[in-house]
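*Asks:* The structure under discussion is supplied below as structure tokens; questions concerning it will follow.
Computed from the coordinates by the stated procedures, all read-outs in this text should not be read as laboratory data. Fair warning: this is a prediction, and the values are worked out from it, not measured in the lab. Quick reminder, even Gly has a Cβ in these numbers, built from the backbone with ideal geometry, and neighbours come from all protein chains shown.
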Amino acid sequence: MNQRDQLTDITCLYEITRALASTMDLRQGLEEIMAVLAEKKGMKNGTVTIINPVSGQLEIEVAPGLSREARDRGKYKIGEGITGRVVAAGTPIVVPRISEEPLFLNRTGTRAKARGGDTSFICVPIKRDNETIGALSVDRDYRKNLNFDDDLRFLTVVSSLIAQSVTRIQAINEEHRRLAQENTMLRRELSGKYQFDNIISGSSRMQEVFEMMSRVAEANATVLLRGESGTGKTLIAKAIHYNSGRREAPFVTVNCSALPETLLEAELFGHEKGAFTGASSARPGRFEQAEGGTLFLDEIGELSQAVQIKLLNVVQDREYQRLGGTRTIRCNVRLIAATNKNLEEAVKNGAFREDLYYRLNVFPIFLPPLRERKTDIILLAEHFLEKYSRENNKDIRRISTPAIDLLMQYHWPGNVRELENCMERAVLICDDDTIKSYHLPPSLQVSEPSGNGGSLSFARAVENFERELLIEALKASNGNQTRAAAALKTSLRVVNYKVNKYGIDCRQFRKAQPR
């Protein structure tokens, strides 16, 4: 090979490598390679065939200028024809004159096989490690005594580059497919997690809430969730989203009280480069991130007047501009807002715009505080017990009767969130299989908050602890005080005294005898 041919080969390989590295579309990259081979090397009718993993047949992946019908005809069994033999043996084959080769099948019908034909055919395997996954073939103008060794070496290098690119693109595509599958599974899990039936409640007040949720879920109406802090407004918002037609699109949350006015505006609507100090690049806002899905505006009552005006324009016209921008952006977003404030009072005082209030208050849902749904307290406590026992690898199976009494007597100013925190703390400090009353926070030891911040006296704490131990021992002994005394390693007289002191009815622990 002379110096000019070597330079041509180097130039070709550079362009081929660049073509393969610059695209994720395998077919596009291969078509560019075939064009380079034709232009720089005079290799015509370049064709790449790949084994179809489903059918096991060789199918044409790329053949520039070949019609779809011709490509569909160009299918071979492994071992069939020249290409099939190259793949089966994993070694290249050269046909100096295709008109004199009976094994050349010409199924695509693109080559004439008349006598005296002037076409040579070169086919090399495409190998990944030691596995042959396809073949690369080209035509050469026939010349007598043409030496094909240089062409074979060059095409073998090209086929190696193709194999590497196929492996890379297939790996990336497989990763994308896996991530898409995981994303779909996560969305399905979220959708299942936030099914109305999976929200823990047995109270009639919450059943009314579920009825309202089911009515509005499939609509696009703006929802306003009202209720005290910790009543589960975020959970309800997610349930509405994942039971709507927008469930496959994003659910985006913004806490309106967590950011100052200037940052909140940029967070909601996005900003252009240079809109303010530190805005080194353009950034989409939460409305753009939630496109097609749901935007949940928590603590909506904390919005400043300036942000309220901009939000009103979005709610009315479904369009907005980025901070520092002039382009109007249309949006398709379902709004769910939440507040623990009295918005009617805020409107009356001028702290909240009346027009925005009426725009948001299309479909209000009021969430009752936990103290008004007593039947849910034990259901929720047991749910949180199971959740945090599993997370902390503990085998805690039940809540003791005195602990249940304390849970039921407490007024729960922090609602469900406070109950969850209470049960998480109890699980962390419990080393037994039962949550006892002394595992609960001191604030729960009295039904109403005391003047000293809910702290418990030493004497009262000791009494609660004694009562707890007595009840557990009496349960285990079927109400028998003698056996309870033995279990507690004390005398019957002490047990009898404490039973009378704390007003414990031992009969309630006696199991009914079978008749």
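*Asks:* Once phi is turned into ³J(HN,Hα) by the Karplus curve 6.51 cos²θ - 1.76 cosθ + 1.60 with θ = phi - 60°, what whole-Hz value does each residue of the stretch 498-504 show in order, with x for glycine and proline?
*Replies:* Computed from phi, the couplings for the stretch 498-504 are 5, 4, 5, 4, 8, x, 8 Hz.
*Asks:* Next question. Sort T253, T326, T132 so the one with the fewest other Cβ atoms within 10 Å of its own Cβ comes first.
*Replies:* Ordered by Cβ neighbours within 10 Å, fewest first: T326, T253, T132.
*Asks:* Could you list D405, D431 so that the one with the fewest beta carbons within 10 Å of its beta carbon is first and the one with the most is last?
*Replies:* By the 10 Å Cβ count, ascending: D431, D405.
*Asks:* For all pairs of alpha-carbon atoms in the stretch 457-515, what percent lies in each bin of width 5 Å, listed from the first bin to the last filled one?
*Replies:* 4, 20, 30, 24, 12, 7, 3, 1, 1, 0
*Asks:* When the expected Rg is taken as 2.2 N^0.38 Å, what fraction or multiple of it is the alpha-carbon Rg of the stretch 196-368?
*Replies:* Rounded to two decimals, the normalised Rg is 1.05.
*Asks:* With the cut-off at 31 Å, tell me which of the pairs K44/K127; K387/K498; K273/K348; K233/K273; K387/K501; K238/K273 have Cα atoms farther apart than that.
*Replies:* In this structure, K387/K498; K273/K348; K233/K273; K387/K501; K238/K273 exceed 31 Å between Cα atoms.
*Asks:* At 7 Å along Cα-to-Cβ for each site, give me the label-to-label distance between N198 and R178 in nm.
*Replies:* For the pair N198/R178, the computed spacing is 2.5 nm.
*Asks:* When only Cα pairs under 8 Å and 6 or more residues apart are kept, what is the percent relative contact order across the chain?
*Replies:* This gives 9 percent for the chain.
*Asks:* Same structure, new question: What does the helix-only formula give at 222 nm for the chain: each DSSP H stretch with n ≥ 4 adding -39500 (n - 2.57), the total divided by the residues, and the result rounded to the nearest 500 deg cm²/dmol?
*Replies:* That comes out to -14500 deg cm²/dmol.
*Asks:* Where Lys and Arg each count +1 and Asp and Glu each count -1, what net charge lies around A19 among other residues with Cβ under 14 Å from its Cβ?
*Replies:* Residues close to A19 contribute a combined charge of -1.
*Asks:* What is the fewest-to-most order of R205, R68, R359 by other Cβ atoms lying within 10 Å of their Cβ?
*Replies:* Ascending Cβ contact count within 10 Å gives the list R68, R205, R359.
*Asks:* Once phi is turned into ³J(HN,Hα) by the Karplus curve 6.51 cos²θ - 1.76 cosθ + 1.60 with θ = phi - 60°, what whole-Hz value does each residue of the stretch 21-33 show in order, with x for glycine and proline?
*Replies:* Karplus values, whole Hz, x for Gly and Pro: 7, 9, 9, 9, 9, 4, 4, 4, x, 5, 5, 5, 5.
*Asks:* Hey, what did the stretch 141-295 get for relative contact order, percent, Cα under 8 Å, at least 6 apart?
*Replies:* 18
*Asks:* Find the Cα radius of gyration of the stretch 3-172, compare it with 2.2 N^0.38 Å by division, and give the number to two decimals.
*Replies:* So the stretch 3-172 has a normalised radius of gyration of 0.98.
*Asks:* For the stretch 351-440, what Kirkwood radius comes out of the mean inverse Cα-Cα distance, in Å?
*Replies:* Final number for the Kirkwood radius of the stretch 351-440 is 14.7 Å.
*Asks:* Can I ask one more? Taking the DSSP beta bridges in the chain as the whole, what percent of them are antiparallel, to the nearest 5?
*Replies:* Taking every DSSP beta bridge with both residues in the chain, the antiparallel ones total about 60 percent.
*Asks:* Treating cross-link reach as a plain straight distance, find the aspartates and glutamates whose alpha-carbon is under 19 Å from the alpha-carbon of K77, omitting any fewer than eight places away in the same chain.
*Replies:* Partners within reach: E59, E61, E69, E101, E131.
*Asks:* Let me ask you something else. Relative contact order for the stretch 3-172: what percent, with Cα pairs under 8 Å and sequence separation of 6 or more?
*Replies:* Result for the stretch 3-172 is 20 percent.
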